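Worksheet for the structure shown next.
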Amino acid sequence: MKEQPNVEEAGVKTASFEGRLQLQDFMHCPAVASPSPSPGPSTSLSPIHRSPRLIRASSSQAYQSYPIPSSSSGPSPLQRKPSSSSTSTPLAASASPSTSSKKRKRNTSGYAPPSTYAHLPGLTDSLGPNLLILFVGLNPGIRTAQTGHAYAHPSNLFWKLLHSSRITDRLVPASLDSTLPVRYSLGLTNIVARPTRNGGELRPAELDAGFAALEDKVRRCRPEVVCLVGKSIWESVVRVRRGRALGKGAFSYGWQDEAENIGAPIPDEGAGGDGGGGWSGARVFVSSSTSGLAATLSPAEKEKIWRELGDWCVKRRAERAERAAEAGPESSLGIERVEPE
């Protein structure tokens, strides 16, 4: 080892590291022969003894001298450009509005004047004497007016409910509606005569005006029961009789009080009697609407309401048949059966 001169004896200061910096000792250059740096301890000075300035300089030189390896899979993360998907417009802004997201508004019809359906014919009532039940509908629908038969639309449940409630012993087609008075002692009429697509195209005043004509029909036919097919018809009866709308919670389907009978004879002022021979009008039964558009009640609830009327009809028909048998063949109380054509 070379002997160093005595600094104190010379009287001068000498530079460390033999007068110059050994930068190669501070640079990081991996060995060419080895694919990876040796895990062993470094022979250079520990970083804690390095000057920060020298560390920055050596790191910059090492980075510039070390080439970036090429890759067949594409540019390195440092050279990779943003993809087109990252610079595309947001989905909410670029996508066109979907038509399925728009809620479809239900077509609700308003009032339709009589001229709207003036081209459609009216419907003939099916009436007769000694009726058990007179069914009163709201007004004829379009299909009913076109065919000339009551409740003719396929979605209408009138004929099905008539059969399931045992008011008729078979499913009667709409085309045989005119035979109901003779075959089953049943009658058909409406409180409003003009046809519309649905009840929403009528004004309440039209229903109220039709009540007087309805009572006249009931007085002539004298049915035992008047069945109002739908709550709205009963609401009209209440408006006409009481001069006010039906109160909340004041309605229930089925039999109404006998004080509400329809068609009671007008008293004969000259004779002082009732002019009806003891007949006090027809009992009122309010059934559910049979229209396919009426979805307030479930099918089971409608069946229950109609079954109540059907039970009465079966019982009353049996009583009539018994009385007719006792009175003899000339009695008009029996029901003449007409077989389907």
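Each value in this text was obtained by applying a stated rule to the coordinates, not by laboratory testing. Computed from a predicted model, the values in this text were never measured in an experiment. Glycine also receives a Cβ, built like all others from the backbone with ideal geometry; neighbour counts cover every protein chain displayed.
Overall dimensions of region 104-256, expressed as equivalent-ellipsoid semi-axes from the Cα gyration tensor (√(5λ), whole Å, largest first), are 24, 21, 16.
Would you mind classifying region 144-223 by shape? Square roots of the alpha carbon gyration tensor eigenvalues, ordered a ≥ b ≥ c; an a/c under 1.5 is rounded, otherwise it is prolate if a/b is larger than b/c and oblate if not. It is oblate, given that a/c is not under 1.5 and a/b is not larger than b/c. Averaging 1/r over every pair of different alpha carbons in region 167-318 and inverting the result gives a Kirkwood radius of 17.1 Å.
For the peptides 316-325, 153-162, 240-249, 167-176, residues were scored by their other Cβ atoms within 10 Å and the scores averaged per peptide; the highest-first order is 153-162, 167-176, 316-325, 240-249.
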